[in-house]
Amino acid sequence: MTYRRLPLGWVEANVDALCDVIGGGTPSTRMSDYWDGDIPWITSADIHAIDDIRPRKYISQRAIKSSATNLVPTGSIVVVTRVGLGKVALAKEPLCFSQDSQGLVFCRNKINGLYLTHYLSTAVQRFKYEGRGTTINGVTKRQLRELPVLLPPLPEQHRIVAEIETQFTRLDAAVGALKRAQANLRRYRAGVLKAACEGKLVPTEAELARAEGRDYEPADRLLERILTERRARWQPSKNRRRKYKEPAAPDTSDLPDLPEGWVWSSIGESFEVFVGATPRRSRSDYWDGDISWVSSSEVSFTRIKSTRERITSDGLKNSSVDIHPEGTVLLGMIGEGKTRGQVSILDIPACNSQNSAAIRVSQTGLPPEYVYYFLWGQYSVTRRIGSGNNQPALNKSRVQEIPFPLPPLTEQHRIVAEVDRRLSVIQQAEATVEASLTRAGRLRQSILKQAFTGRLVPQDPNDEPASALLERIRAERAAAEAAAKNNRRPRRRRRPKTPSPTGRGPG
């Protein structure tokens with residue numbers, strides 16, 4: 001036990017001196033009658049907070065009698081020591097748990113359960129840095145037993161818990177308000193992006209032209225100009241077909257009406273779309289060159305100014321990759337997580353992997369930010385059109401078929417400027433909220449640190465010192481262990497008396 005200066009009346013003791021440490025287990029899933037009972041059986045996934053356990057499975061008494069697991073009483077503490085390492089919770093009902101946890105059973109009339117749970121919630125975090133194991137970090141029962149606990153007098157434990165609960169209640173209310181603000185900011189961003197691509201964010205070019213008595217180029221003429229310029233610059237290459245194929249216009253039968261001067265197009269009709277590739281990893285001479293190469297994880301609602309990996313000219317020549325110009329919009333095509341449907345803009349010439357599509361917007365003269373904001377606003381829709389069995393995915397054809405609302409060019413620039421302005425405000429607000437949430441987390445830790453160093457509530461010299469409390473706990477546990485040992489000790493069988501030859505008594 002390490003020496004430390006303790007507050008008045010406090011004592012330091014290991015978990016083993018205060019609690020019985022009981023292991024868990026998993027009943028056999030082949031025994032259906034083990035899983036048809038009403039006794040909660042939990043894993044770390046069922047622990048959501050120190051006072052929030054939500055059992056999903058229930059077992060029978062027979063499962064417990066089979067020694068597959070152990071039942072701990074109400075008020076016990078469950079400490080996760082393997083999968084979910086570091087979680088701690090107070091049981092509000094008798095329950096069992098898996099082998100990834102240990103149960104601490106203690107004298108509830110001598111230790112405040114919430115005090116010990118709050119204390120352990122901070123103390124066991126050290127396990128994350130002392131964990132043993134290869135695939136799953138974990139700690140042994142011995143490590144848990146030897147974990148030191150700083151124990152105040154019982155009345156002070158009650159005062160500490162009351163003050164923690166008071167301060168945490170206020171803090172939780174503030175954190176709840178901050179998270180609601182975060183959600184509102186996300187909804188506002190979605191609303192801005194939606195309004196931008198519906199012609200509702202800025203005055204339309206048609207409205208301004210009428211008000212100013214001038215002509216303007218509507219989007220259908222803009223689209224025809226884009227297609228004409230694409231035909232003129234078409235050249236076959238290693239990754240292109242030899243014959244130019246006119247892109248198909250979208251089916252607009254199920255699409256909503258657009259503002260005056262706008263037209264429905266598609267990503268493939270308005271822009272050339274490329275799918276990337278990955279040079280062979282086994283060829284070291286293809287990598288660590290001077291050509292930027294974007295992986296799918298880097299396509300994440302951002303502007304790409306540099307890449308984690310670069311390829312060589314040999315890697316470029318010997319794979320089906322293309323170098324795309326600045327202003328190309330990348331769209332993630334692969335992944336069940338967040339990757340599929342995310343977008344980025346290239347601020348540098350770069351190649352990309354086969355997991356994303358490269359939409360060459362800049363060669364049309366359109367602002368790439370407009371396409372970027374449109375696809376950002378369509379994130380959830382784009383994800384739904386992914387195809388595939390094991391791994392949902394988009395492909396080049398599906399990307400080309402995405403309907404695209406095309407406004408007049410000057411209106412696109414005004415839309416981009418207004419979206420930039422509003423998203424800048426949102427970004428600043430989100431940064432403020434995030435900083436406040438970080439401060440709230442630090443404040444929570446500060447409250448607990450003060451609690452367990454005797455600075456959260458005043459000490460009372462009239463409180464019975466924790467050393468006396470500890471002695472009574474030891475005495476009671478020793479008596480309980482002795483009684484249990486006596487109950488387990490088998491009775492000695494009495495030898496039958498041997499009859500005397502004379503029949504008058506023992507021989």
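The values are calculated or read from the model by the stated rules, or taken from the named source; none is laboratory data. The model shown is predicted, which means the values in this text are computed figures rather than measured ones. Note: ideal-geometry Cβ built from the backbone for every residue, glycine included; neighbour counts use all protein chains shown. To get the accessible areas, we keep the full protein, side chains included, count just its heavy atoms, and leave off ligands, DNA and RNA. Shrake-Rupley method; radii C 1.70, N 1.55, O 1.52, S 1.80 Å.
Can you confirm whether residue 178 is farther than 21 Å from residue 11 by Cβ, touching a Lys or Arg at 6+ places or on another chain (Cβ under 7 Å) and in a helix (DSSP H, G or I)? If you could, list the steps in order and put the result at the bottom.
Numbers: farther than 21 Å from residue 11 by Cβ: yes; touching a Lys or Arg at 6+ places or on another chain (Cβ under 7 Å): no; in a helix (DSSP H, G or I): yes.
So residue 178 fails the test.
Across segment 74-89, what is the number of residues that are outside any loop (DSSP other than H, G, I, E, B) and either surrounded by fewer than 19 Cβ atoms within 10 Å (Cβ to Cβ) or small (Gly, Ala, Ser) (or both)?
The initial filter retains those residues of segment 74-89 that are outside any loop (DSSP other than H, G, I, E, B), namely 77-80, 88-89.
Subsequent filtering for residues that are either surrounded by fewer than 19 Cβ atoms within 10 Å (Cβ to Cβ) or small (Gly, Ala, Ser) (or both) retains 89.
Final tally of qualifying residues: 1.
Assess whether residue 249 counts as being touching a residue at least 12 places away in the same chain (Cβ under 8 Å), open to solvent by less than 50 Å² (accessible area, probe 1.4 Å) and of a type in the set (A, V, I, L, M). First the steps, then the outcome.
Numbers: touching a residue at least 12 places away in the same chain (Cβ under 8 Å): yes; open to solvent by less than 50 Å² (accessible area, probe 1.4 Å): no; of a type in the set (A, V, I, L, M): yes.
For residue 249, the condition - touching a residue at least 12 places away in the same chain (Cβ under 8 Å), open to solvent by less than 50 Å² (accessible area, probe 1.4 Å) and of a type in the set (A, V, I, L, M) - is not met.
Considering only segment 327-338, state which residues are surrounded by 14 or more Cβ atoms within 10 Å (Cβ to Cβ) and over 16 Å from residue 375 (Cα atoms). If you could, list the steps in order and put the result at the bottom.
As a first pass, look at segment 327-338 and keep what is surrounded by 14 or more Cβ atoms within 10 Å (Cβ to Cβ): 327-335.
Selection gives 335 alone.
May I ask you to list pairs of residues, at least six apart or on different chains, whose Cβ atoms are under 6 Å apart, with the first in segment 263-291 being within 17 Å of residue 308 (Cβ to Cβ) and open to solvent by 20 Å² or more (accessible area, probe 1.4 Å) and the second being small (Gly, Ala, Ser) and at pLDDT 95 or above?
278/353
So, in segment 338-383, of the ones that are touching a strand residue (DSSP E or B) at 6+ places or on another chain (Cβ under 8 Å) and β-branched (Val, Ile, Thr), which residue ends up farthest from residue 293 (Cα to Cα)?
382
Based on this model, can you work out whether residue 71 counts as closer than 19 Å to residue 105 by Cβ and either open to solvent by less than 40 Å² (accessible area, probe 1.4 Å) or touching a residue at least 24 places away in the same chain (Cβ under 8 Å) (or both)?
Numbers: closer than 19 Å to residue 105 by Cβ: yes; either open to solvent by less than 40 Å² (accessible area, probe 1.4 Å) or touching a residue at least 24 places away in the same chain (Cβ under 8 Å) (or both): yes.
It is true that residue 71 is closer than 19 Å to residue 105 by Cβ and either open to solvent by less than 40 Å² (accessible area, probe 1.4 Å) or touching a residue at least 24 places away in the same chain (Cβ under 8 Å) (or both).
Residues checked against (1) more than 30 Å from residue 118 (Cβ to Cβ); (2) open to solvent by 60 Å² or more (accessible area, probe 1.4 Å); (3) touching a residue at least 24 places away in the same chain (Cβ under 8 Å):
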site	(1), (2), (3)
376	yes, no, yes
403	yes, no, yes
410	yes, yes, yes
424	yes, no, no
449	no, yes, yes
463	no, no, yes
470	no, no, yes
476	no, yes, yes
481	no, yes, no
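Only one residue in 310, 340, 281 is assigned to a loop (DSSP other than H, G, I, E, B), of a type outside the set (Ser, Thr, Tyr) and over 30 Å from residue 190 (Cα atoms), so which one is that?
On the way: 310 fails: assigned to a loop (DSSP other than H, G, I, E, B); 340 fails: over 30 Å from residue 190 (Cα atoms).
Just one listed residue meets the conditions, 281.
Against the definition (open to solvent by 20 Å² or more (accessible area, probe 1.4 Å), touching an Asp or Glu at 6+ places or on another chain (Cβ under 7 Å) and among the hydroxyl-bearing types (Ser, Thr, Tyr)), how does residue 43 come out, yes or no? Please lay out each step first, then the result.
On the way: open to solvent by 20 Å² or more (accessible area, probe 1.4 Å): yes; touching an Asp or Glu at 6+ places or on another chain (Cβ under 7 Å): yes; among the hydroxyl-bearing types (Ser, Thr, Tyr): yes.
So residue 43 passes the test.
Test residue 92 against the criterion of being among the charged types (D, E, K, R), modelled with pLDDT under 95 and surrounded by fewer than 16 Cβ atoms within 10 Å (Cβ to Cβ), and give yes or no. Don't jump to the end; show me each part of the working.
Details: among the charged types (D, E, K, R): yes; modelled with pLDDT under 95: no; surrounded by fewer than 16 Cβ atoms within 10 Å (Cβ to Cβ): yes.
Considered against the rule, which asks whether it is among the charged types (D, E, K, R), modelled with pLDDT under 95 and surrounded by fewer than 16 Cβ atoms within 10 Å (Cβ to Cβ), residue 92 comes out as no.
Could you tell me whether residue 310 is under 30 Å from the mean Cα position of the chain (by Cα), open to solvent by 60 Å² or more (accessible area, probe 1.4 Å) and not small (Gly, Ala, Ser)? Don't jump to the end; show me each part of the working.
Numbers: under 30 Å from the mean Cα position of the chain (by Cα): yes; open to solvent by 60 Å² or more (accessible area, probe 1.4 Å): yes; not small (Gly, Ala, Ser): yes.
Yes: the conditions hold for residue 310.
Return the residues of segment 107-131 that are surrounded by fewer than 20 Cβ atoms within 10 Å (Cβ to Cβ) and not in a helix (DSSP H, G or I); say none if nothing qualifies.
Those that are surrounded by fewer than 20 Cβ atoms within 10 Å (Cβ to Cβ) and not in a helix (DSSP H, G or I): 107, 108, 109, 110, 131.
Got a sec? Which of 76, 101, 44 is under 27 Å from residue 169 (Cα atoms) and under 27 Å from the mean Cα position of the chain (by Cα)? Talk me through it step by step, then tell me what you get.
On the way: 76 fails: under 27 Å from the mean Cα position of the chain (by Cα); 101 fails: under 27 Å from residue 169 (Cα atoms).
Just a single option satisfies the conditions, and that option is 44.
Does residue 359 qualify as being modelled with pLDDT of 95 or more and surrounded by fewer than 22 Cβ atoms within 10 Å (Cβ to Cβ)? Write out each step before concluding.
Values: modelled with pLDDT of 95 or more: yes; surrounded by fewer than 22 Cβ atoms within 10 Å (Cβ to Cβ): no.
Against the criterion (modelled with pLDDT of 95 or more and surrounded by fewer than 22 Cβ atoms within 10 Å (Cβ to Cβ)), residue 359 does not qualify.
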